[in-house]
Amino acid sequence: MKKRIILPIVIASFAIGMLIHHVSFAETKELQKTDDLYKELELFSDAVSIIRTDYVEEKKSKDLMYGALKGMLASLDPYSQFMDPDTYNEMKVETEGEFGGIGIEITIKDDLLTIISPIDDTPAYKAGLKAGDKIVKIDGTIVKDLTLIEAVKKLRGKPGTDVNIIILRESDKKLLEFTITRSIIKIASIKKAEMLEPGIGYIRLSEFQENTPKDLSDALKKIEAENLKGLVLDLRNNPGGLLDVAVNVAGKFLEEGKIVVTTKGRVENQNLEFKSKNKNNHLDYPMVVLINGGSASASEIVAGALQDHKRALLIGTKSFGKGSVQTVVPMSDGSAIRLTTSKYFTPKGRSIHGEGIMPDIVVEYEERSQKDKEVDKETALLEKLIEGKEKTAEEKADEKKKKEMDSQLSRAVDVLKGIVIYSGK
């Protein structure tokens, strides 16, 4: 009997000893980290002292500290950065949705300043800049050593002024030069909402802003009133926007309580789940979502959620792969730190960052050739001669829409029509 009592006591004592050892080891490890930090800070302090006493020109302490913070944040990833008070104020102005520039979203990818996408109907879009273009020079300055914020500053300016940009377009394997006139950039979140042909609706969503959920609801109401049987949601060259808006948009097409996206970071409170709160019930028709290399961030969240829940088919090419969350922390002197704190994952746990979203059906982008357009004219003329009558304005408008379709949109319409026929709708 005594042996039976002693054995649990020995096991319990051993377990307590191991726990104390584990806690002691953890504390020692944490103390070691703190000691290492103090040593590195001592190294930093020595470097600052040498600069202040021996550098050829006298430097202000704040300039030295700002320079150190900029370098430290820039070394983490392309999206983390230190913003001095002027830069922070400029960033706040940008989020108001109207600013002077050329209309591109940029990032640093593979150590190169890269265009995520040109914004529809802006000077950059009209000039012919494309998603994936690498910016080499801005107004004669090589951009290799510029931070993201510094590059943005150089691209912005007074409306009506010109900026010269040299880009590398890998598909052409050559440098291309553009001179673009800046203008006030006004971004409308819904660019188009129309019926492409009877039963097939189309919505072009260009950016996720505060007013996007309302604008999208209005657009859906408009086309659903026209006997909608299938919807194409176009997220091509949509660089993203606000996370809560992306969750709201995806939630319009999902049943209530479905996971839209999760975020995961080092700190427990950064591990979050965002679920749909569908009170709109836009669930009665099949969907195709168009994506490409210019679809990033919030666009990838929506596309990934609808794909994982089998609510929509994705058509196009792989998305950009910008799936990290940045938190802006204001500092006491009016400056701020923008820090990557977590990453986005689709409902099935797929990482978006650096991976992108792969469409279900890969279709490369192709515009209708000039030859096809000439054939269309000849066909229209022949039909007129045979039938001996003019087509109605509505028939002409429908034909025009079909002729303006690119390869990806045309494939999306064909797929939707097939699904509608198969489902008996």
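The values are calculated or read from the model by the stated rules, or taken from the named source; none is laboratory data. From a predicted model like this one, the values you see are computed outputs, not experimental measurements. Please note: Cβ atoms are built from the backbone with ideal geometry, for glycine as well, and neighbour counts cover all protein chains shown.
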Checklist entry - Out of all the residues in the stretch 33-40, is one or more more than 24 Å from L339 (Cα to Cα), surrounded by 14 or more Cβ atoms within 10 Å (Cβ to Cβ) and free of Cβ contacts under 8 Å to residues at least 24 places away in the same chain? => result no
Item to check | Residue satisfying all of: in the stretch 267-290; among the aliphatic types (A, V, I, L, M) and part of a loop (DSSP other than H, G, I, E, B); nearest to D234 (Cα to Cα) among these | outcome: L283
Checklist entry - Any residue at all in the stretch 305-319 that is under 14 Å from G251 (Cβ atoms), within 12 Å of the chain's Cα centre (by Cα) and of a type in the set (G, A, S)? => result no
Checklist entry - If you go through the stretch 192-233 one residue at a time, how many are part of a strand (DSSP E or B) and surrounded by fewer than 16 Cβ atoms within 10 Å (Cβ to Cβ)? => result 3
Next on the checklist: Can you go through F82, F99 and tell me which one is at pLDDT 90 or above, outside any helix (DSSP H, G or I) and in contact with a helix residue (DSSP H, G or I) (Cβ under 7 Å, 6 or more places away or on another chain)?
Outcome noted: F82
Next on the checklist: It is to be established whether one or more residues within the stretch 138-159 are within 21 Å of the chain's Cα centre (by Cα) and under 28 Å from L233 (Cβ atoms).
Outcome noted: no
Item to check | Selection from the stretch 115-143 of residues that are without any contact (Cβ under 8 Å) to a residue 24 or more places away in the chain and either in a loop (DSSP other than H, G, I, E, B) or over 18 Å from I184 (Cα atoms) (or both) | outcome: T141, I142
